[in-house]
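Just so you know, all these numbers are worked out from the coordinates, no wet-lab data involved. Note that the coordinates shown come from a computational prediction; the quantities given were computed from them, not determined experimentally. We place every Cβ from the backbone using ideal geometry, glycine too, and count neighbours over all the protein chains shown.
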């Protein structure tokens, strides 16, 4: 954690603590947008690196004569592919969030237009709904199975 804080300082970015300490009037100013752009770019790169590692792992697979060992390897590959599929979906959200930063719409609820909130964006940088709007959406899904 200390190395991330030092890296952020070296790049001239805010730290999480500084971000949370900023007044509400500064919501989604240039410094905050730069912080979230950096966080999203790091997440994007991490996902892409994981995908490359998965590709390498699957290519290195060797034939194992024992059926139990082969089944274990196949199960591990299936698990890894499911994880990469989730990351593929997350990558799309990350790229959409970066596009929202570029368009000036990042940090604002797509349903209500209200601020999503710095704390929520720190926890989930790809959030597009405020906490209240997300809770309403989940309640509707629970009630109506949508």
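Tell me, how many Å apart are the Cα centres for region 124-146 and for region 18-67?
When both Cα centres are located, 23 Å separates them.
Just rank 22, 28, 139, fewest to most, by other beta-carbon atoms within 10 angstrom.
In increasing order of surrounding Cβ atoms, one gets 139, 22, 28.
Given the options 104, 117, 12, which has the most mean-square fluctuation in a GNM of the chain, springs set between C-alpha atoms less than 10 angstrom apart?
Between 104, 117, 12, it is 12 that shows the largest mean-square fluctuation.
Stretched out fully, how many nm does the piece from residue 25 to residue 57 gain, at 0.36 nm a residue minus the Cα gap?
Once the chain is fully extended between residue 25 and residue 57, it gains 6.7 nm.
Given a Förster distance of 41 angstrom, what is the FRET efficiency for residue 64 paired with residue 142, based on the Cβ-Cβ distance and rounded to 0.05?
0.35
Of all alpha-carbon pairs in the chain, indicate the percentage at a distance above 28 angstrom.
Summing the P(r) tail past 28 Å for the chain gives 38 percent.
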